[in-house]
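Take a look at the structure set out below.
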Amino acid sequence: MKKVSLITAVLAILMMAAVPASAQEENGYKKIDVRKDFTENGFQWFHDAELLAAGNKEKSNAMTIGWGGIGTLWGRTALTVYVAEKRYTKEFMDQEEYFTVMTFDVEHSNVLRYMGTKSGRDGDKAAALGLHTAYTANGTPYYTEAVMVIECKIMYAAPFDPQYFKSDAPKNMYAHFPAGIHSMYIGEVVNAWKK
């Protein structure tokens, strides 16, 4: 009995050693637990602008976002993002099950500016910036130049309904906003990596 247990343990160790590193580890990331290791100010984090990506290995797009929320919902660690109806990225958000939110260091500040002013309908924004697209085990796109990547599985998605606007803030926003009403996407955080 002991001999079998020892052989089983040795085989398990050898199998773990033979498992290749994940794509994230190969790209210099370390897996983190957002409940313990996320130290950003949640009230400021999205205000500083992040990058949202969605799609698959055949086609994807990313856009700069300045709105969002982090916390818990339905007993899950959740991240909420908002995408206007005329944004190219919305097509990918509506077709796919997962999305990523990424942060970049100062060295890559041009990424957020460019991604926020150009449309993916007009060309490959990542290629134009020299970014390297990689994919999570779920097939979700991210850029290896990002310093943090959070992968979410969409739990809820719906456009804002103007009949429920209770203040002038959203009414005034959409009165002169050509990209249209935003949809809210609430994602369960399923993975996170940081360099």
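The values are calculated or read from the model by the stated rules, or taken from the named source; none is laboratory data. The structure presented is a predicted model; accordingly, all values stated were derived computationally and were not measured. Here the Cβ is made from the backbone with ideal geometry for all residues, glycine too, and neighbour counts use every protein chain on show. Surface areas here come from the heavy atoms of the whole protein model, side chains and all, with no ligands, DNA or RNA. Shrake-Rupley method; radii C 1.70, N 1.55, O 1.52, S 1.80 Å.
Some observations on this one:
- Flag set for T100, criterion: crowded, with 19+ Cβ neighbours inside 10 Å and of a type in the set (V, I, T).
- Scan of the stretch 92-128 for residues that are acidic (D, E), out of contact with any strand residue (DSSP E or B) (no Cβ under 7 Å at 6 or more places or on another chain) and assigned to a loop (DSSP other than H, G, I, E, B), ordered by number: D105, D124
- When each of D94, D124 is tested for being out of contact with any Pro (no Cβ under 9 Å at 6 or more places or on another chain), of a type in the set (D, E) and in contact (Cβ under 8 Å) with a residue 60 or more places away in the chain, the lone residue that passes is D94.
- Only listed residue being closer than 21 Å to V83 by Cα and either modelled with pLDDT of 95 or more or open to solvent by 70 Å² or more (accessible area, probe 1.4 Å) (or both), chosen from A169, A134: A169
- When restricted to residues that are part of a loop (DSSP other than H, G, I, E, B) and either in contact (Cβ under 8 Å) with a residue 12 or more places away in the chain or touching a strand residue (DSSP E or B) at 6+ places or on another chain (Cβ under 7 Å) (or both), the stretch 129-140 contains 7.
- Of the residues making up the stretch 27-55, those that are surrounded by 14 or more Cβ atoms within 10 Å (Cβ to Cβ) and over 22 Å from G66 (Cα atoms) are N27, Y29, I32.
- Subset of the stretch 151-181 [small (G, A, S) and closer than 22 Å to T89 by Cβ]: A157, A158, A179, G180
- Restricting the stretch 56-89 to residues that are closer than 15 Å to S183 by Cβ and basic (K, R), the residue that is least open to solvent (accessible area, probe 1.4 Å): R87
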